[in-house]
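Here's the structure, in structure tokens; my notes come after.
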Amino acid sequence: MNDANREWNDHCAKQAKMTNFQTSAKHFSVQKNTDHMLKNLISGNVERVNDQLARLQFPPDSTVLDIGAGPGTLAVPLAAAGCKVTVVEPAPPMHEALAEYLKIKGVSADIPIISKIWEDVNPDEIGKFDYIVSSFAMGVPDLNEALLKMNTVAEKEAHIFWFLTDPPWGRINAALWTKLHNEDYYGRPLSNLIWNALYQAGIYANLEVLPLRDSHSYETFEEVSEEYLGRLGAKEDWQIQMVEDYLKQVFLEIPGKGFILPEDGLYAHIWWEK
């Protein structure tokens, strides 16, 4: 078996050298990107949430650390269920989105925010939590360090949700990147490496395969174009034309709903008990 941690870390190092590469923290530090994520969450397009919450049936008064919590996709319903939730979330616009989502859902709980990326969090400073949750937030440069830190902080269980196959938006990047920039494309490393890294560290985790049932919707094609031109770093006229031509092929225009990118990928729920 290959060294999963080294394979992950090498992949992420190559990814970080790509033209216009952005970490998730940097991407969601842009207000419009956070606004779009919150809008999709409120509209009910993030259908996977119910699948995830069904697997996070923590007892009331449990302490939960949600790493990379975003606008509170899981943190808010967990708080509504009586859990004492703390979030790790580095992007300032997401802090505002979390406060807004709490109001929208009518949840009065206080959710403390650790405004750091997970790599910069010191376990001695934050203490222990009954449960650790990381939902699509494993964009870390050192996999073992991130996983072992989760294991250290967890008192009872740790839960990770991460891509098992490339999501549709990742496949758009893969299809166009080399043509646009004349360099190799490195997407997100996948869940098999997380499970293997845990196994190689002596942590024997469970793994469940789930459908990635989300739909990314945009009111206009201009919104679609703006986001993906930014994601792909397309600035020249010929690059813009190439990207927009491709987007018109993969996005569905649905009357009354705008432009939809259906999700048809798979993701993994990886969890272990202490």
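Observations on the structure shown:
- Residues in segment 46-79 that a label on ILE260 would reach, taking backbone N under 19 Å of a point 7 Å out along Cα→Cβ: 46-51
- Solvent exposure of the chain amounts to 48 Å² per residue of accessible area, where only protein heavy atoms count and the probe is 1.4 Å.
- Per-peptide average of other Cβ atoms within 10 Å, ordering 89-95, 115-121 highest first: 89-95, 115-121
- Other-chain or far-sequence residues with amide H under 5 Å of CYS83's (modelled H): ASP61
- The candidates ILE270, ILE113, arranged from most to least accessible area with a 1.4 Å probe in the full protein assembly, appear as ILE113, ILE270.
- Across segment 209-226, computed HN-Hα scalar couplings (Karplus, 6.51 cos²θ - 1.76 cosθ + 1.60, θ = phi - 60°) run 9, 10, x, 8, 8, 10, 10, 8, 10, 9, 5, 10, 5, 4, 5, 4, 4, 4 Hz from first to last residue, x flagging Gly and Pro.
- Span from the segment 198-271 Cα centroid across to the segment 128-158 one, whole angstrom: 25
- Here the Karplus curve 6.51 cos²θ - 1.76 cosθ + 1.60, taken at θ = phi - 60°, turns the phi angles of segment 129-137 into couplings of 9, 4, 10, 10, 10, 9, 10, 6, 9 Hz, with x standing for Gly and Pro.
- Top of ASN182, ASN144, ASN206 by mean-square fluctuation, Gaussian network on the chain, Cα under 10 Å: ASN182
- Mean projected area in nm² (Cα convex hull; one quarter of hull surface) for segment 35-106: 4.4
- Carbon/sulfur fraction of accessible area - the chain, other protein chains in place, 1.4 Å, %: 49
- Vicinal HN-Hα couplings computed from phi for segment 59-70 (Karplus, 6.51 cos²θ - 1.76 cosθ + 1.60; Hz; Gly/Pro x): x, x, 6, 5, 8, 10, 10, 9, 8, x, 6, x
- Equivalent ellipsoid of the chain: semi-axes from √(5λ) of the C-alpha gyration tensor, largest first, are 30, 23, 16 Å.
- Gain on full stretching of the segment that runs from GLU223 to ASP245 - 0.36 nm per residue minus C-alpha separation: 6.5 nm
The values are calculated or read from the model by the stated rules, or taken from the named source; none is laboratory data. Computed from a predicted structure; not experimentally measured. Note that we place each Cβ from the backbone using ideal geometry, even for glycine, and neighbour counts take in every protein chain shown. For accessibility, only protein heavy atoms count, side chains too; no ligands or nucleic acids. Shrake-Rupley method; radii C 1.70, N 1.55, O 1.52, S 1.80 Å.
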